[in-house]
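Here's the structure, in structure tokens; my notes come after.
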Amino acid sequence: MNKPTVQDIFLKFYSEYLEKYTPSAEQSKVSNAIMNCKTSRMGANVQVCEDCGCISIHYNSCRNRCCPMCQALPKEKWMDMRKEDVLDAPYFHLVFTVPAELNPIIYSNQKLLYDTLYHAASATINDLSVQDKYLGANVGYICILHTWGSEMNYHPHIHTILLGGGLDKNKHWKDKGDKFFLPVQVISKVFRGKYMEELKSLWEDGKLKFYGSSEKYQNSYEFKSLIDTCYSKEWIPHCKKTFNGAQSVIKYLGKYTHRIAISNYRIIRINGENVTFSVKDYRNEGKWKELTISGVEFIRRFLMHVPPKRFVRIRHYGLLCSRMKNSNLTLCRNQLGCKKYISELRNMTSSQILDHLWGFKVGICKHCGGKVIDHHRQKPLLC
């Protein structure tokens, strides 16, 4: 029996989910894309081998960024392009989180308050790194939004891949070796201040909306109480150890950039009305364990993490800002004496990339090795 997938779960339980919940337009689009991915409803290519006459049918993928079956190729192409941005220098992985008390308001105002996460994280790094007592240089970093925990619970946070050095005001390279240059306690206080300042400003300007469990915060006294609670908490950012070498940075990036709420490999079984999948138990040294929930609850949790329409989850800052990136990185490489990593896939077609990475030869018969030609293209049945 084949291992169950997220697509199987949607096919089995989505109609039951609709009886209980009303998804947004974007959530409906994602759900339909997942259920129809690599099926006849997405269209197909019928190919015939010129030598042996073997017929093969290839169904199209949905290419939705939330589909677990469509992330491999975009991830590899993105990682390959980032090779040209990586330096032989220290890198750090910093995670910015907010108190769980803010989750209801964030979920009701996703685009606004996700953007606020990026604003607060980038302002914190920029303001602190240029100070001489910490580094005294302009650094480069990538921010990636994740909204889930291991159990697919709602947990918005920003992963930041931070270059451990930068260019000072005289355009000279400056770093502190493998030592992280920003005190975590200082990051915590500055990030908290910047996020809360923007949140209060949005509330005062009447830009926030309140649904479900966040409705009570329409009351000014309730909102002030929430603000006081958040200020009283320690906002603890997490910093992981430095990487060893540029190639390690590239591989590490791939773990976070195109990840979705859950991948197929974590689905263990579908049993009756329930789904069992593997989760990390962070209370037990991050060991894996099994979690069983209903199929409807699985879909509800999965769809919570569909980002707003056209929302950009991967953002570049500082030295990696696209306007000045090439000149900044050239300066850094010259001073560090490191080589530029060249993209391997930049000028390849998708067929060539599939062959290069996974040995999948498009246009070659699997049975006899003969040339395959397109015989018929079925258009997608979906609008």
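Filter region 350-382 down to the residues that are among the hydrophobic types (A, V, I, L, M, F, W, C) and open to solvent by 100 Å² or more (accessible area, probe 1.4 Å), then identify the one that is modelled with the lowest pLDDT.
Narrowing region 350-382 to residues among the hydrophobic types (A, V, I, L, M, F, W, C): 353-354, 357-358, 360, 362, 364-365, 368, 372-373, 381-382.
Applying the additional criterion that residues be open to solvent by 100 Å² or more (accessible area, probe 1.4 Å) yields 358, 381.
Working: Trp358: 75, Leu381: 59.
If we take residues in region 350-382 being among the hydrophobic types (A, V, I, L, M, F, W, C) and open to solvent by 100 Å² or more (accessible area, probe 1.4 Å), then Leu381 is modelled with the lowest pLDDT.
Given Cys239, Cys230, which one is within 30 Å of Phe180 (Cα to Cα), open to solvent by less than 60 Å² (accessible area, probe 1.4 Å) and modelled with pLDDT of 85 or more? Outline the logic, then answer.
Working: Cys239 fails: modelled with pLDDT of 85 or more.
Step by step, each of Cys239, Cys230 is checked, and only Cys230 is within 30 Å of Phe180 (Cα to Cα), open to solvent by less than 60 Å² (accessible area, probe 1.4 Å) and modelled with pLDDT of 85 or more.
What residue, of Ile270, Ile299, Ile262, is of a type in the set (A, V, I, L, M), part of a loop (DSSP other than H, G, I, E, B) and more than 30 Å from Ala89 (Cβ to Cβ)? I'd like the intermediate steps shown before the answer.
Working: Ile270 fails: part of a loop (DSSP other than H, G, I, E, B); Ile299 fails: part of a loop (DSSP other than H, G, I, E, B).
From the options Ile270, Ile299, Ile262, the qualifying one is Ile262.
So which of Glu273, Glu285 ends up being at positive phi and among the charged types (D, E, K, R)? Spell out how you get there, then give the answer.
On the way: Glu273 fails: at positive phi.
Going through Glu273, Glu285 in turn, just one is at positive phi and among the charged types (D, E, K, R): Glu285.
Could you grab me the full set of residues in region 106-128 that are out of contact with any strand residue (DSSP E or B) (no Cβ under 9 Å at 6 or more places or on another chain) and of a type in the set (Val, Ile, Thr)? Let's see the steps before the verdict.
The first filter runs over region 106-128 and keeps only residues out of contact with any strand residue (DSSP E or B) (no Cβ under 9 Å at 6 or more places or on another chain), leaving 108-109, 111-112, 115-116, 119, 123, 127-128.
Residue satisfying the conditions is Thr116 alone.
Does Gly149 satisfy the condition of being without any contact (Cβ under 8 Å) to a residue 40 or more places away in the chain, open to solvent by less than 30 Å² (accessible area, probe 1.4 Å) and closer than 30 Å to Lys339 by Cβ?
Criteria not met by Gly149.
Checking the condition of a type outside the set (Gly, Ala, Ser) and touching a Cys at 6+ places or on another chain (Cβ under 9 Å), which residue from Leu226, Leu199, Leu208 passes?
Values: Leu226 fails: touching a Cys at 6+ places or on another chain (Cβ under 9 Å); Leu208 fails: touching a Cys at 6+ places or on another chain (Cβ under 9 Å).
When all the criteria are applied, what remains is Leu199.
Would you be able to say whether some residue in region 33-48 is out of contact with any strand residue (DSSP E or B) (no Cβ under 6 Å at 6 or more places or on another chain), among the β-branched types (Val, Ile, Thr) and either over 21 Å from Leu303 (Cβ atoms) or in contact (Cβ under 8 Å) with a residue 12 or more places away in the chain (or both)?
Yes, region 33-48 has at least one match.
Do we have Ser322 as assigned to a loop (DSSP other than H, G, I, E, B) and of a type in the set (Gly, Ala, Ser) here? Steps first, answer last, please.
On the way: assigned to a loop (DSSP other than H, G, I, E, B): yes; of a type in the set (Gly, Ala, Ser): yes.
So Ser322 passes the test.
Take Leu345 and decide whether it is under 26 Å from the mean Cα position of the chain (by Cα), outside any loop (DSSP other than H, G, I, E, B), surrounded by 12 or more Cβ atoms within 10 Å (Cβ to Cβ) and at pLDDT 75 or above. Spell out the reasoning first.
Details: under 26 Å from the mean Cα position of the chain (by Cα): yes; outside any loop (DSSP other than H, G, I, E, B): no; surrounded by 12 or more Cβ atoms within 10 Å (Cβ to Cβ): yes; at pLDDT 75 or above: yes.
No: the conditions fail for Leu345.
Would a scan of region 212-221 turn up a residue that is closer than 30 Å to Leu291 by Cα and outside any helix (DSSP H, G or I)? Talk me through it step by step, then tell me what you get.
Step one: filter region 212-221 for residues closer than 30 Å to Leu291 by Cα, giving 212-214.
So of that shortlist, the ones also outside any helix (DSSP H, G or I) come out as none.
Within region 212-221, none of the residues are closer than 30 Å to Leu291 by Cα and outside any helix (DSSP H, G or I).
The values are calculated or read from the model by the stated rules, or taken from the named source; none is laboratory data. Keep in mind it's a predicted model, so treat the numbers as computed, not measured. Because the Cβ atoms are built from the backbone with ideal geometry, glycine has one as well, and the counts that use them run over all protein chains shown. Heavy atoms of the whole protein, side chains included, go into the accessibility calculation; ligands, DNA and RNA do not. Shrake-Rupley method; radii C 1.70, N 1.55, O 1.52, S 1.80 Å.
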